[in-house]
1. What are the pairs with Cβ atoms under 7 angstrom where one residue, in the range 222-235, is at positive phi and the other, located anywhere, is part of a loop (DSSP other than H, G, I, E, B)? Sequence gap at least six, or different chains.
2. For the range 106-142, give me the residue count where each residue is in a helix (DSSP H, G or I), modelled with pLDDT of 95 or more and farther than 21 Å from Pro243 by Cα.
3. Mind listing just one residue for me: the one in the range 154-174 that is within 11 Å of ligand 1 (Cβ to nearest atom), surrounded by 19 or more Cβ atoms within 10 Å (Cβ to Cβ) and not hydroxyl-bearing (Ser, Thr, Tyr) and, of those, farthest from Asp139 (Cα to Cα)?
4. Just one of Arg219, Arg279, Arg242, Arg260 is within 30 Å of Leu296 (Cβ to Cβ) and surrounded by fewer than 22 Cβ atoms within 10 Å (Cβ to Cβ); which is it?
5. Could you tell me whether any residue of the range 206-220 is more than 16 Å from ligand 2 (Cβ to nearest atom), in contact with a helix residue (DSSP H, G or I) (Cβ under 8 Å, 6 or more places away or on another chain) and under 30 Å from Ile84 (Cβ atoms)?
6. Quick one: how many residues across the range 178-191 are within 16 Å of ligand 1 (Cβ to nearest atom) and either part of a loop (DSSP other than H, G, I, E, B) or crowded, with 22+ Cβ neighbours inside 10 Å (or both)?
7. How many of the residues making up the range 96-144 are on the phi > 0 side of the Ramachandran plot and within 15 Å of ligand 2 (Cβ to nearest atom)?
Amino acid sequence: MARRRLRPPADVEVTRPDKPLWPEIGVTKRDYVDYLAAVADLAVPWLRDRPLTLVRAPDGVGGKRYFQKAISDYAPPWIRRVTIEAPSAGRDVDYVVCDDAATLAWLGNQAALELHPAPVRADRLDRPDLFVVDIDPPDDAFEAAAEVARLVLEVLEELGLESGVKTTGGKGLHIVVPIERRLDDDALRAAAAGLTSMVAARRPDLVTNEFRKAKRAGRVMLDPSRNGGGATIVAPYSPRARPDGTVSFPILPAELGSVRPGDFTLHTVPGMLDSEGPRRWRGLLEARARLPRALLDAGP
Ligand code: ATP
Ligand code: MN
């Protein structure tokens, strides 16, 4: 039986507001909760209805940090949860679901420094609604990731698929394609392998399907396992638990040659929310496409 959720409070208390979370750039817990309030309108649509994995760092980025999937048992009753069966772990896991700014503030107060939603929504956990391309540059060269992203975007456009590109806040880029909920995890991973094959056919010097690192020879492998119900990707507007406070930020394809991951931080992003990247991502979730057969069949 569905439990009725309590309404979120109008105001979420910030405990120990002066605690430094990103000490090198002077960001306290109060500052972080304020940041989350500033991005809530744009960030919540990409979190809503999705099981959420957190990177917690209770003492800030200098302290220990860990991925957290199971919701803390002290979470207040108004925080939404979704239960996912985990037969391998021998028990079910209750995940946080962030549907509103209040939950976002509560997560900030918990020092959840990174937000990693699943590419599935709670009412249909076995049918992903996001197709994800994770571009990790070889040798940490962002320019190489940008070049691969341009190729991926070219192929997606030729297939008639709408997509968004964002920095990860780390070293590379993510490309996200909203899709109809028709394919299971295996089919989606086949599509990801197919996309890699199509891109690699154009630039075999840049991209490979090769899983073995030693055989990649400086080329980029687009990991199909980033897709499916058990995967996550860092949310747009989520910061990273790194000393420089970089943020995963939506950009335009045309900006790939000019931006750097370090352009987008907890300090700069609140002033950039009216720019073209965020505007494009605002409507992106509604552009649900059907992946073409050509993509599903293109794999190795
Ligand atoms: P970068 O651009 O530096 O690669 P990234 O966020 O893409 O940053 P990856 O290591 O490529 O980092 O991982 C891709 C995604 O997979 C992450 O955004 C994260 O959601 C998820 N992920 C990676 N490592 C873990 C982990 N140990 N536990 C849970 N999820 C993880
Ligand atoms: Mn990556």
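1. Correct list of pairs: Gly228/Pro128.
2. Within the range 106-142, residues that are in a helix (DSSP H, G or I), modelled with pLDDT of 95 or more and farther than 21 Å from Pro243 by Cα number 1.
3. The selected residue is Lys166.
4. Arg219
5. Yes, there is a match, as at least one residue in the range 206-220 is more than 16 Å from ligand 2 (Cβ to nearest atom), in contact with a helix residue (DSSP H, G or I) (Cβ under 8 Å, 6 or more places away or on another chain) and under 30 Å from Ile84 (Cβ atoms).
6. Counting residues in the range 178-191 that are within 16 Å of ligand 1 (Cβ to nearest atom) and either part of a loop (DSSP other than H, G, I, E, B) or crowded, with 22+ Cβ neighbours inside 10 Å (or both) gives 1.
7. Number of matching residues: 2.
A quick yes/no check of all residues on (1) touching a strand residue (DSSP E or B) at 6+ places or on another chain (Cβ under 6 Å); (2) within 14 Å of Pro117 (Cβ to Cβ); (3) of a type outside the set (Val, Ile, Thr); (4) not in a strand (DSSP E or B):
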site: Val55; (1), (2), (3), (4): yes, yes, no, no
site: Val61; (1), (2), (3), (4): yes, no, no, yes
site: Ile84; (1), (2), (3), (4): yes, yes, no, no
site: Asp94; (1), (2), (3), (4): yes, no, yes, no
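The values are calculated or read from the model by the stated rules, or taken from the named source; none is laboratory data. Bear in mind the structure is a predicted one, so any value in this text is a computation, not a measurement. No Cβ is skipped: glycine too gets one built from the backbone with ideal geometry, and neighbour counts run over all protein chains shown.
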